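Working notes for the structure below.
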Amino acid sequence: MPHTQPSLRSRVLLIDLLKAVAAQLIVLHHFAWYGPFSDHPFGQIFDGLLDWLSEYGRYAVAVFITTSGFLSAQLLSYRGLSPGNTPLCLIRQRYFRLVLPFAVALCFAVAADLLLRQWSPSDDVLGARPQWLQFVAHLFLLHGLLGVESLSAGVWYVAIEFQLYALFVVLLWLGRRLTNADFLPAALVLLMALASLLHFNRDAGWDNTAFYFFGSYALGIASGWAIRTAWRVKVLWLIGIVGILALWVDFRPRLIVSVLTALAFGSTCLHMAHRENRVIHYLGGTSYALFLIHYPVYLVVGAIFQRIAPETTLHAAWGLGVAWLLSMACADMFHRWVALPLERLRKRRLACLKPSLQQPASL
């Protein structure tokens, strides 16, 4: 039987599927780890599930990091930046793409914090009262580097996502500036990936920087480049070999997730019914909105349930269920009424990217 390339539609479907599942795992991880219901006893089976989510749900971040690398590779060639694509312009564009909806979500988080302090000012869940400098540090994505307390759960990822893309762009620009050889930009990415996997990612002191996560990001980049070249199979073998080497040096479960995600993007062919496609595309498309908005919603729902109902297992279970469903509903509204209009505004005002590779707008 002749070998067939996975279709672009199948690969986009896989991206949305993984993003949808990863977003749900992150939300449930935060519900299990933080907030008003995290320490409530639910019974042996349910407590075991929450313990698993507390411990392993965070590994889903590796899916987002690898997927981000894959998508970035669809726009930027392994030969380096195309003429007219300046590093500053590309980095600025990614900054505003991330920060515009992030800033609105931060306002919701601060408003939720101020509201909840009126109900329970001594609640340990809220942490310190938000400060203006703290908010500004988040807007410039410096909160992790400055050691500033986060205004919401998981917002460290937004800063890391920006740093990863900026580092990727700089490596491509530097490779093209040093020589006209096509291989050098990709070689610099590979060297940085090896440095990350074999050194930086093994030292938690670097976990507020892109160096710590660049290995997983680069696995996605390699997979994204592989499907655009005639060396797809060879690059997939390289991804597997690099992953095995890094795991042999230091076994890290999250790295397994990244390797499998990168290999799936480069090799899989996924087919589903049309109705299932719409659901998956919807959940994948709203995953960033869900990531940004779910925690303030969870805190507000938890506070309401604690005020109007006795602290029983049944009421806590209902609280978790309502918080989960309401988070997805708010994510839908945030995506439609905030994220999409801001993205259209950004494209009109800040568009500067000239793709190095031709690819559909859906990516």
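The values are calculated or read from the model by the stated rules, or taken from the named source; none is laboratory data. Keep in mind that what you see is a predicted model, and the values were worked out from it rather than measured. Methodologically, a virtual Cβ is constructed for each residue, glycine included, from the backbone with ideal geometry; neighbour enumeration extends over all protein chains shown.
Computed quantities for the displayed model
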quantity: Tyr295, sole failed condition from (1) in contact with a His (Cβ under 7 Å, 6 or more places away or on another chain); (2) of a type in the set (Phe, Trp, Tyr); (3) farther than 15 Å from Pro101 by Cβ; calculated: (3)
quantity: Matching helices (runs of 4 or more DSSP H) fully within region 281-352 where at least 2 residues are of a type in the set (Gly, Ala, Ser), touching a strand residue (DSSP E or B) at 6+ places or on another chain (Cβ under 6 Å) and in contact (Cβ under 8 Å) with a residue 60 or more places away in the chain; calculated: none
quantity: Criterion: in a loop (DSSP other than H, G, I, E, B) and among the hydrophobic types (A, V, I, L, M, F, W, C) - qualifying residue of Leu100, Leu81; calculated: Leu81
quantity: Qualifying residue in region 152-171 (condition: touching a residue at least 24 places away in the same chain (Cβ under 8 Å), part of a loop (DSSP other than H, G, I, E, B), in contact with a helix residue (DSSP H, G or I) (Cβ under 6 Å, 6 or more places away or on another chain) and closer than 30 Å to Val297 by Cα); calculated: yes
quantity: Checklist (1) within 20 Å of the chain's Cα centre (by Cα); (2) of a type in the set (D, E, K, R); (3) assigned to a helix (DSSP H, G or I) applied to Asp113, failing item; calculated: (1)
quantity: Where a residue in region 72-94 is within 14 Å of Pro185 (Cα to Cα) and its partner, wherever it lies, is surrounded by fewer than 17 Cβ atoms within 10 Å (Cβ to Cβ) and charged (D, E, K, R), with Cβ under 7 Å and at least six apart; calculated: Arg79/Asp182; Ser82/Lys354
quantity: Val136 farther than 20 Å from Arg94 by Cα, β-branched (Val, Ile, Thr) and either at pLDDT below 95 or surrounded by fewer than 16 Cβ atoms within 10 Å (Cβ to Cβ) (or both); calculated: no
